[in-house]
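This report refers to the structure that appears directly beneath it.
The values are calculated or read from the model by the stated rules, or taken from the named source; none is laboratory data. Remember, predicted model here, so these are calculated numbers, not experimental data. Quick reminder, even Gly has a Cβ in these numbers, built from the backbone with ideal geometry, and neighbours come from all protein chains shown. These accessible areas exclude ligands, DNA and RNA; they are computed on the full protein's heavy atoms, side chains included. Shrake-Rupley method; radii C 1.70, N 1.55, O 1.52, S 1.80 Å.
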Amino acid sequence: GAGGARVASGAGDLSPMVVVFRLQGLDGEATEPIIETLAPLAPSADPETEFAMTALMSRTEGLKLLLDRIRDMAGFHARLELEPLALSLLSSCCKIAVNRKAALSLHAVDILLFRLCSLIPDEAQAATSEAMLAIVATLVTHAQQASSPLEADLASAAGDGWAPAAAGEENAAEAARLTKLLDCVGLPSVRSRPVLLQTLAQVLPFLTRGRKALLDLLVKRFLVLLAFAVPGTPTPRDGDEERATPAFPSAEREGDVQVREEADESEAYIECFVCVVQRLGADEDSQR
């Protein structure tokens with residue numbers, strides 16, 4: 001048999017769409033070809049073309065409002081449903097350069113990392129953390145590939161932690177954020193998702209870019225760990241605080257589960273350290 005449906009083929013132009021169907025085994029054997037698999041989809045179009053419509057978000061206050069909602073997401077009762085949708089929209093916006101630059105100027109990295117510090121420890125939010133960190137990595141890559149330093153794009157951002165601090169001054173907020181992210185490296189929610197660990201290692205060097213105090217903090221944190229793994233590794237001086245840095249399991253530890261947990265945690269920190277060193281070596285700005 002055949003049926004008809006009407007679809008719009010253009011503005012104000014309605015033409016019939018004929019749908020032909022056949023039930024196999026009725027009215028004789030079916031002779032029409034049977035499609036069991038679909039041909040692979042064509043390669044995606046250029047993101048700048050495919051997501052061009054999202055440029056409206058940066059031309060209006062849409063992008064700012066979206067980032068404000070993500071910043072305040074912890075106070076929403078429906079955050080478990082709203083946050084993935086907000087991140088999906090932000091991810092689409094960050095597919096094009098104009099929105100990435102606008103997001104950087106709106107301190108998107110700062111906002112997302114602040115939220116991440118609360119999300120990462122929650123294993124139930126691992127997928128959301130991964131999506132959020134992927135957006136951060138996209139923005140970080142854009143900033144690193146830009147012809148001008150990030151600080152030049154954020155000259156009006158003083159006070160939010162992304163403008164370069166005056167010589168000899170240490171930004172306590174930046175140091176606290178970096179410390180929280182380093183604390184997350186050994187968490188089960190991170191160790192169970194290698195992509196999350198690798199992306200976190202990609203972001204960490206960016207946070208120290210052009211900031212010697214933060215770079216020293218990053219290096220010293222890993223040196224404390226490596227001192228347990230590699231004999232002769234220099235340990236931080238200057239009266240560094242004895243943080244709860246994961247150590248390699250010792251014979252004095254009781255319980256195989258605890259020993260295995262410490263070993264997994266130490267392995268995650270070493271893997272992160274290797275990735276960070278590779279990123280630092282590839283980033284000329286971090287070597288200055």
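Scanning region 50-73 for residues that are closer than 11 Å to A102 by Cα and among the charged types (D, E, K, R) returns R59, E61, K64. Could you tell me whether region 89-112 includes any residue that is open to solvent by 70 Å² or more (accessible area, probe 1.4 Å) and of a type in the set (S, T, Y)? Scanning region 89-112 turns up no residue that is open to solvent by 70 Å² or more (accessible area, probe 1.4 Å) and of a type in the set (S, T, Y). Taking region 42-87 as the range and being β-branched (V, I, T) and surrounded by fewer than 12 Cβ atoms within 10 Å (Cβ to Cβ) as the test, the residues that pass are T49, T60. In region 172-210, which residues are over 19 Å from A263 (Cβ atoms), open to solvent by 40 Å² or more (accessible area, probe 1.4 Å) and either of a type in the set (K, R) or outside any helix (DSSP H, G or I) (or both)? Passing the criteria: K180, G210.
Only one of the listed residues (A176, A155, A201) is modelled with pLDDT under 85, out of contact with any Pro (no Cβ under 7 Å at 6 or more places or on another chain) and within 22 Å of L63 (Cα to Cα). That residue is A155. Criterion applied to D68, D27 was being modelled with pLDDT under 90 and acidic (D, E), and the one residue passing it is D27.
Exactly one residue out of A263, A213, A244 is at pLDDT below 80, open to solvent by less than 50 Å² (accessible area, probe 1.4 Å) and small (G, A, S), and it is A263.
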